[in-house]
Amino acid sequence: MTAAEPKELECIIIGGGPAGLSAALVLGRCRRWVLVCDDGRYRNRRSRAVHCFLGHDGIDPAELLKRSREQLQRYETVSFTGQTARSIGRYKKDFTVEFKSSSTVLAPTVLIASGVVDELPPIEGVEELFGRGVHVCPYCDGWEHRDAPLAVYGRGEKGASFARLLRQWTQDVVLCTDGEEVSSEISIILEAQGISILEKPIERLEGKNAGLENIRFKDGTAIPRRALFLTTGEHPRSPLLEGLGCTYDDKGGLACDPDGRTNIPGVFVAGDVSRDVQLAIIAGAEGARAALAINKYLLHASS
């Protein structure tokens, strides 16, 4: 059989970001028949650039995806659909993926690479400025705001730790707790490092296309800030695996081994949905590593 001959699917990839496309590339080069389900929902869709990606630092996220998909066109065993997966089930030895259109596809392996959704606080201006003046990752966006007045939206030890981390990029950091009191122990630690604390409730964020300009509080006062970094957390974009019995770790990510294997044989995960370190280049590496594990799994399953 040649790779050009039609064949049943061997892997269904849910998600067309760096993790999913990287896995598709490796599996395509292994001559595996793959379907990538990409409905166009990306975590970084509002970001201006991808950073910490060797060879592509500063590239527009849409351009990176465009180039990646173009490079996959030569692999005739890799196909795409823009449909949104609605459910994942089992049929004999295969997994079934049902789309919102009610159509269904089957394959012996599934890779979940659909990423996560950032949980934004209900503050006016956050949604509009997200990706421009509101961020979640200092490794991705901290350098662009180096030496600028910055703020952290957070509470408790998590907010305090983030504020201390942000001091690597600037000496002017304010921790905004949006109405929650900070313990005396945390206050002493932060004040010793020159980090200011504002416990006042936030009214709104003010800014333009260029980014954040001010954080305005409900008492009418405001502070000028170039950017606000959030510590409000995230959740997996796709709950598809819950019905299969996949387990989650303490941080809410899908539990898996270093190769992306879950507790369900044949089900793999890669990218932000499975890890605490969430960089595009790491997501791509995890997708490649999961693809190698999937190829080995398929080899053993056929023997």
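The values are calculated or read from the model by the stated rules, or taken from the named source; none is laboratory data. As the structure is a computational prediction, the values presented were derived from the model and not from experiment. Reconstructed Cβ throughout: ideal geometry from the backbone, glycine too, with neighbour counts over all protein chains shown. Only protein heavy atoms, including side chains, enter the accessible area calculation; ligands, DNA and RNA are left aside. Shrake-Rupley method; radii C 1.70, N 1.55, O 1.52, S 1.80 Å.
Mind listing just one residue for me: the one in the range 25-76 that is open to solvent by less than 50 Å² (accessible area, probe 1.4 Å) and without any contact (Cβ under 8 Å) to a residue 12 or more places away in the chain and, of those, nearest to ILE112 (Cα to Cα)?
The extreme case among them is ILE59.
To keep it simple, each residue is scored yes or no on (1) assigned to a helix (DSSP H, G or I); (2) open to solvent by less than 40 Å² (accessible area, probe 1.4 Å).
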residue: LEU111; (1), (2): no, yes
residue: PRO121; (1), (2): no, yes
residue: GLU128; (1), (2): yes, no
residue: GLU144; (1), (2): yes, no
residue: ASP147; (1), (2): no, no
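If we keep just the residues of the range 89-101 that are out of contact with any helix residue (DSSP H, G or I) (no Cβ under 9 Å at 6 or more places or on another chain) and within 29 Å of GLU234 (Cα to Cα), which is least open to solvent (accessible area, probe 1.4 Å)?
Of the residues in the range 89-101, the ones out of contact with any helix residue (DSSP H, G or I) (no Cβ under 9 Å at 6 or more places or on another chain) are 91-92, 94, 96, 98-101.
So of that shortlist, the ones also within 29 Å of GLU234 (Cα to Cα) come out as 96, 98-101.
Working: THR96: 28, GLU98: 54, PHE99: 4, LYS100: 137, SER101: 73 Å².
Taking the candidates together, the pick is PHE99.
Within the range 69-79, is there a residue that is of a type in the set (Val, Ile, Thr), touching a helix residue (DSSP H, G or I) at 6+ places or on another chain (Cβ under 7 Å) and in a loop (DSSP other than H, G, I, E, B)?
Scanning the range 69-79 turns up at least one residue that is of a type in the set (Val, Ile, Thr), touching a helix residue (DSSP H, G or I) at 6+ places or on another chain (Cβ under 7 Å) and in a loop (DSSP other than H, G, I, E, B).
Between a residue in the range 268-297 that is closer than 19 Å to PHE95 by Cα and any residue that is modelled with pLDDT under 90, which pairs come within a Cβ distance under 7 Å, given they are 6 or more apart or on different chains?
Between residues of the range 268-297 that are closer than 19 Å to PHE95 by Cα and residues that are modelled with pLDDT under 90, the close pairs are VAL269/LEU254; VAL269/CYS256.
Can you pull out every residue in the range 149-193 that is more than 28 Å from the chain's Cα centre (by Cα), of a type in the set (Ser, Thr, Tyr) and surrounded by 12 or more Cβ atoms within 10 Å (Cβ to Cβ)?
SER187
Filter the range 88-107 down to residues that are of a type in the set (Phe, Trp, Tyr) and more than 16 Å from ASP38 (Cβ to Cβ) and give me whichever is nearest to the chain's Cα centre (by Cα).
So, considering only residues that are of a type in the set (Phe, Trp, Tyr) and more than 16 Å from ASP38 (Cβ to Cβ), the one nearest to the chain's Cα centre (by Cα) is PHE95.
What number of residues within the range 196-211 satisfy the criterion of being touching a residue at least 40 places away in the same chain (Cβ under 8 Å) and among the acidic types (Asp, Glu)?
2
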